[in-house]
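Enquirer: Before I ask anything, here is the structure I am working with.
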Amino acid sequence: MKDILTLTTDRFTQIRSLGEKTLEQLSEADLHWSPDEESNSIAVIVQHLAGNMISRFTDFLTTDGEKENRNRDGEFVEHGMGSQELRERWDAGWECLFAAMRPLTEADLNREVFIRGESHTVMEALLRQLSHFAYHVGQIVYIGKMRQGSAWKTLSIARGASQQFNTALSQSQNKK
């Protein structure tokens, strides 16, 4: 049985993968498209996620997760970054998260950390971020699907293929 830190790391990895598989399908124009002035483009969402991850997970156990040098409002401004720079920011955010998680032990899960002065256990802080990242990566996937239309390469079970998937899964499990 996997421990909670391994399971949490696995979930973060799955969320990251969904975002990356979406980003790989999109053009530069797709990354900067938004349906209206009040909505965020994928580029803006990536900027926000990276800023959030770096703020939350730099010195995770010892400093407040909302760093003084973070410009959260600036994360929601379209800066016209190219896909390479956006990918570098994306990777930097995720690497900061995983670097903070690697040394954690089960004994750390009940330690106290702060986000904007609010006390959390390490486990609460991780779950808070897990749901936050899933929310925004879901937005990235949805926008990506809208932009790609029929050219979209599904990231899960294809529409109308559930039975085929279940049969293949069952057969592979029976071989073990």
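Please treat every number below as a calculation from the coordinates, not as lab data. Only a predicted model underlies this, so the values are computations on that prediction, with no experimental measurement involved. Every residue, glycine among them, receives a Cβ derived from its backbone with ideal geometry; neighbour counts consider all protein chains shown.
Enquirer: When the chain is fully extended, how far beyond the present Cα-Cα distance does residue 173 get from residue 14, taking 0.36 nm per residue of separation?
Expert: Stretched out fully, the residue 173 to residue 14 stretch lengthens by 55.1 nm.
Enquirer: Local charge sum around residue 33 (other residues, Cβ-Cβ under 11 Å, Lys/Arg +1, Asp/Glu -1)?
Expert: Local net charge: -3.
Enquirer: Moving to a separate point now. Would you tally the net charge around residue 18, using a Cβ to Cβ cut-off of less than 14 Å, leaving residue 18 out, and scoring K and R as +1, D and E as -1?
Expert: Neighbour charge sum, excluding residue 18 itself: +2.
Enquirer: Let me ask something else. Cβ neighbours within 10 Å, averaged per peptide: list 153-162, 78-87, 51-60 in order, most packed at the top.
Expert: Answer by packing, highest mean first, reads 51-60, 78-87, 153-162.
Enquirer: Just want the ordering: 130, 18, 169, from fewest to most Cβ atoms lying within 10 Å of their own Cβ.
Expert: 169, 130, 18
Enquirer: Additional query: Projected onto the charge dipole of the chain (+1 at Lys/Arg Cβ, -1 at Asp/Glu Cβ, origin at the Cα centre), which of 173, 123, 103 gives the Cα projection farthest towards the positive end?
Expert: 173
Enquirer: State which helices in the chain qualify, where a helix is a whole DSSP H run, it must extend 15 Å or more along its own axis by its Cα atoms, and its mean Kyte-Doolittle hydropathy must be at least 1.6.
Expert: none
Enquirer: Can you give the log10 of the normalised intensity I(q)/I(0) at q = 0.08, 0.09, 0.10, 0.19 Å⁻¹, computed with Debye over equal Cα scatterers of the range 4-174?
Expert: At q = 0.08, 0.09, 0.10, 0.19 Å⁻¹ the computed log10 ratios are -0.29, -0.37, -0.45, -1.21.
Enquirer: Taking the Cα centre of the chain as origin and charging only Cβ (+1 Lys, Arg; -1 Asp, Glu), how large is the dipole, in debye to the nearest 20?
Expert: Dipole about the Cα centre, nearest 20: 1000 debye.
Enquirer: Let me ask something else about it. List the lysines whose alpha-carbon lies under 24 Å from that of residue 145, not counting same-chain residues fewer than 8 positions away?
Expert: 21, 153
Enquirer: Go ahead and estimate [θ] at 222 nm for the chain from helices alone: -39,500 (n - 2.57) per DSSP H run with n ≥ 4, summed, over the residue count, rounded to 500.
Expert: -19500 deg cm²/dmol
Enquirer: Which net charge results for the neighbourhood of residue 148, defined as the other residues with beta-carbon distances under 13 angstrom from its beta-carbon, given Lys and Arg at +1 and Asp and Glu at -1?
Expert: +2
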